[in-house]
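What follows draws every value from the coordinates through simple rules; no lab data is involved. Just so we're clear, the structure is a prediction, and the values are computed from it rather than from any experiment. So basically every Cβ, Gly included, is an ideal-geometry build from the backbone, and we count neighbours across all protein chains shown.
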Amino acid sequence: MCESDFYFFIHKEVFGTGILLLISLAFFISGAVFFTVAPKKASLHYCYVLYAAGAGLSAFSFAEALYGGGAPMAFTLQISPALSMGFRSGPLQDFFGLLLSVAAFAASVYSAGYMKNTPAPRFQGLFYGLFILSMGAVFISGDALSFLISWEAMSLVSYFLVVSDTENETSQNAGLTYATMTHIGTSFIIGAFMLAFSATGSLEFTGMAAGLAGKSMALKSAIFILAFIGFGMKAGIFPLHIWLPKAHPAAPSNVSALMSGVMIKAGIYGIMLMCLGVLGGPGAHYSTWWGVVILATGAVSSVMGVLYALMEQDLKRLLAYSSVENIGIILLGTGAAVVFYSFGQTALAGLALAAALYHTMNHAIFKSLLFLGSGSVMHGAHSKNLEEMGGLLKRMPYTGLFFLMGSVAICALPPFNGFVSEWLTFQALILGSSTPPAYTRVITLLGGAALALTGALAAAAFVKAFGVAFLGLPRSGKARQAKEAGFPMTAAMGFLAALCLLLGVAPGFLLRLISALPFEGLKEMGTAAPIHSPVIIAGGFTGFWPAAILVSMLLGLAIILALAGTLGRKRKITYADSWDCGIKALTPRMQYTATAFTKPLRVIFKTLYMPRKEVRISFKLKPLFVSGITYHSDITPFLENYLYRPFTAFVGKAAMKIRHLQSGKLPLYLGYIMLTLIGLLLAWA
Amino acid sequence: MPLIKRWIEIFGAIDFISVGMLLSVVAMSSSKRIESCLKAYVINSWLLALLMAAFAVYLSIPHLYIAAFFTIAGKCVLIPYFLRKVIGELKVTREVEPYLSTPVSLIISFALVVLVYSFIAGGIFVAGAARNVLKISVSIILISLFTMMNRKKAVTQVMGLLFMENGLFLAGFSLTYGMPTIIELGVLFDMMMGVMILGVFLTQIKKSFVSVDLDKLTSLKG
């Protein structure tokens, strides 16, 4: 009857750079197929090489599209005459596609070495490929239907990757939390799309944007709130982040790199798409309070995220909390941009948005690097617990170096990329004092203060992470026998570390790409000249010269080394025991532990942390002969205790009440059906 | 043929036959033995086939003959044969063990018919030969659903399901004057498969719970 149930339709634009994208898709699909059919397990790492090739090609294609300024590709899957799924990439999509491709390239190279110690390599390899593909599909979806299908695919595939360690009960629980939260988020997103669809009659994002242009502010605000909660759930904004520190560490490290580096950016993408693309658009009127909501959420997320990161002893959980922090920083920029747009200050808005986009790309790079590094550490030292590491720098020099570079970048220190984006965010927030009403002036400045606090605390957190894990003496036998990771793993980390440095020294390159995005005020950001000249930001507000910073830092380092060399030579080194407290050799037990390092902060923020400690003394003979003392200290997870647990308890109780309907008696079930039928009959008549 | 057409009209054969189907359902819902339920089903199916043939003659729709033939083959011969075999293998007691007594079930069946007749009139307007058939078919569906609720044995649930399906078939072709043959065949085939699967299920339930008493299934609830 229906002669074309399923056909495939590609516009002519595909023969631009889009053809590369198709080839990369073919690489991914063949990689996934090989994972299922490859005869020998030993040959499985070649499949990751296919993935890496695909990701490299697509990175090139997206970057080319951004430089060229044209849409590389648009195609429609016609499912039935009335239903189609559109895929169309514009500059915003290309930017996030580029971000995905870069992270996926490094993670795939890394996986070729890492897969040896995963329990189910075939399963993980297949789902890893599907995960990347579904994220790509999310980024290039042109309408709500294809977006939701890709979004669900992404969530489900990542759920399976989180629970892929089937023996481990923690990761099963983490998977459950993740699946629940992500589906609640998706329901909010569906709500936003349905509201927009009912108002405009269009499922396509471009149609939605056109249709919403003249609609009432109340409707737009409702869509904004639904979309912000839904996408914020995926991005991991503060009160909704609860799944993130559970799920990300539970997945294998190559996957957690992609989850933290890219998947939560899908939430950012959604917020930007709905808020700036669909509800905004050129000449649209924004509500100031949208921006204020985003900004405030960003400030809270960044401070709370880093505070919890500080208290973590588990390396991967620390990194996951740090992702919450960085999402907060990105939202600070995005929120400031919306506030500025609402007052028509497009140049400032462009600055803030460029800062947010720059940080999005940066975080994808250094968070992937740090997660891959933590994977190498786990691979080498067989532990996730910081208290069992120590002294790894001598045993794993390359991993240590790259992890250090990532840490410096994430602490926003020059000459690395984190500095550029956080500096831009700072500038945008401080320049927010030029907005007309007093309350936005105060709020943007408070956002700046939150960012400053976050930066300092992040530095403390990563000094702790790097210092305790890599410096000092090994704290356990596992750490003493740690081995350096193999070639593909270090190469992948080296690639990302080099990118961190490159984007920190030559921001002009990425700013040029960002300026291709179709938001007002961004165009001016790209006029900044080539790599070597000072980068002047946004209509001459302010500027800096990253290359000069690098040169002066190198000079400063050289001077210090020279001074140390000349002055230090005259000193005679004497060895004495006086600071050993009477103990001859320095032992690992004398070092600062991760917990001890953060003790001052635990005292300062004790109202937030509500630290608990418990000392248990067991006696041989009371009260003088003590056989052992155990000391236990942790912090109160107040969100779990005071928000989520009461809520789940309530849902559980309600479910138990409703459960009486389900008696297990067949006649009763038939009775329900019959009552429904009779009810319908009555309603019909 | 024109003569037969005329007789069908004069004697109101279509109404008579469909009322016969309704009566056979009521008989099923109030009978106490599984064998009589099965007999009521065979009668019901024969009447259904007859009604199809009558429609085929009266409205000159030749493909309804085919449907009638397959109804006879499937519902009057094969399904009863298979069910008899299953009942024999299961060695269940012959009583149907309803929850409610026979008079009460009769009253409820009566109430259901009244309900349908009083409410469906305003809904869909069906003119012509089939003007009463829709009401009767909905009554058949509801009464057989009620019978399923009322019985404890899994075998009688299957009987209720089969009656319900006859009712649906009746509603289907009275509204459309014959669906495409391929759909009718498909439905019949589904029915056959359904009965076979249910037969297997029944033996499995018997094995696991030592009885086909549905009250025992409550223990499956977690």
Computed [θ] at 222 nm, deg cm²/dmol, chain B (DSSP H ≥ 4; -39,500 (n - 2.57); rounded to nearest 500):
-25000 deg cm²/dmol
For chain B, modelled as a GNM with alpha-carbon contacts under 10 angstrom, which of B:VAL195, B:VAL116, B:VAL210 fluctuates the most?
B:VAL210
Which of A:CYS500, A:CYS47 has the fewest other C-beta atoms within 10 Å, and how do the rest follow up to the most?
A:CYS500, A:CYS47
Towards the positive end of the charge dipole of the protein assembly as shown, with charges on Cβ (+1 Lys, Arg; -1 Asp, Glu), say which of B:LEU50, B:ILE4, A:ILE329 has the farthest Cα.
A:ILE329
Dipole magnitude of chain A about its Cα centre, charges +1 at Lys/Arg Cβ and -1 at Asp/Glu Cβ only, in debye to the nearest 20?
2460 debye
Starting from the Cα gyration tensor of chain B, take the square roots of the eigenvalues, sort them a ≥ b ≥ c, and report rounded, prolate or oblate (rounded when a/c is under 1.5, otherwise prolate if a/b is larger than b/c, else oblate).
prolate
Which of B:GLU97, B:GLU184 comes first, and how do the rest follow, when ranked by fewest Cβ neighbours within 10 Å?
B:GLU97, B:GLU184
Averaged across B:151-163, how many Cβ atoms of other chains sit within 10 Å of each residue's Cβ atom?
1
Within 10 Å of each Cβ in A:667-677, the average number of Cβ atoms from other chains:
4
Among the listed pairs A:LYS464/A:LYS606; A:LYS384/A:LYS464; A:LYS606/A:LYS653; A:LYS653/B:LYS152; B:LYS5/B:LYS135, which are separated by more than 26 Å between their Cα atoms?
A:LYS606/A:LYS653; A:LYS653/B:LYS152
Unit charges at the beta carbon, dipole of chain A: most positive-side option, A:MET194, A:THR76, A:PHE371:
A:PHE371
Net charge within 14 Å of B:ILE43 by Cβ-Cβ distance, Lys/Arg positive one each and Asp/Glu negative one each, not counting B:ILE43 itself?
+1
Let me make sure I get this right: for region A:643-684, a, b and c are the square roots of the gyration tensor eigenvalues over alpha carbons, sorted descending. Under 1.5 in a/c it's rounded, otherwise prolate if a/b > b/c, else oblate. Which is it?
oblate
I'd like the distance separating the alpha-carbon centroids of region B:147-199 and region A:150-178, in whole Å.
42 Å
Could you please state, rounded to a whole Å, how far the C-alpha centre of region A:243-261 is from the C-alpha centre of region A:381-421?
18 Å
Taking only complete DSSP H runs, can you tell me which helices of chain B stretch 20 Å or more along their own long axis by Cα positions and average at least 1.6 on the Kyte-Doolittle scale?
B:13-30, B:102-120, B:133-150
Filter the cross-link list A:LYS665/B:LYS85; A:LYS665/B:LYS207; A:LYS367/A:LYS478 down to pairs whose alpha-carbon distance in this structure exceeds 21 Å.
A:LYS665/B:LYS85; A:LYS367/A:LYS478
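Given the rule -39500 (n - 2.57) for each run of at least 4 DSSP H residues, summed and divided by the residues of chain A, what is its mean residue ellipticity at 222 nm, to the nearest 500 deg cm²/dmol?
After summing the helix terms and dividing by the residues of chain A, the value is -21500 deg cm²/dmol.
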Charge dipole (chain B, unit charges on Cβ, about Cα centre) - positive-most of B:TYR99, B:VAL187, B:MET28:
B:TYR99
Counting only chymotrypsin sites (Phe, Trp or Tyr not before Pro) that sit in a DSSP loop (anything but H, G, I, E, B) with at most 11 other Cβ atoms within 10 Å, what is the longest stretch of chain A containing none of them?
A:7-574
From fewest to most C-beta neighbours within 10 Å, the residues A:ARG569, B:ARG131 line up as A:ARG569, B:ARG131
Note down the net charge around A:LEU429, summing +1 for each Lys or Arg and -1 for each Asp or Glu among other residues with Cβ under 11 Å from its Cβ.
0
List the pairs from A:LYS657/B:LYS206; A:LYS657/B:LYS216; B:LYS75/B:LYS206 whose alpha-carbon separation is above 28 Å, in the order I gave them.
A:LYS657/B:LYS206
Any chance you could list the semi-axes, whole Å, largest first, of the equivalent ellipsoid that the Cα gyration tensor gives for chain A, using √(5λ)?
42, 33, 28
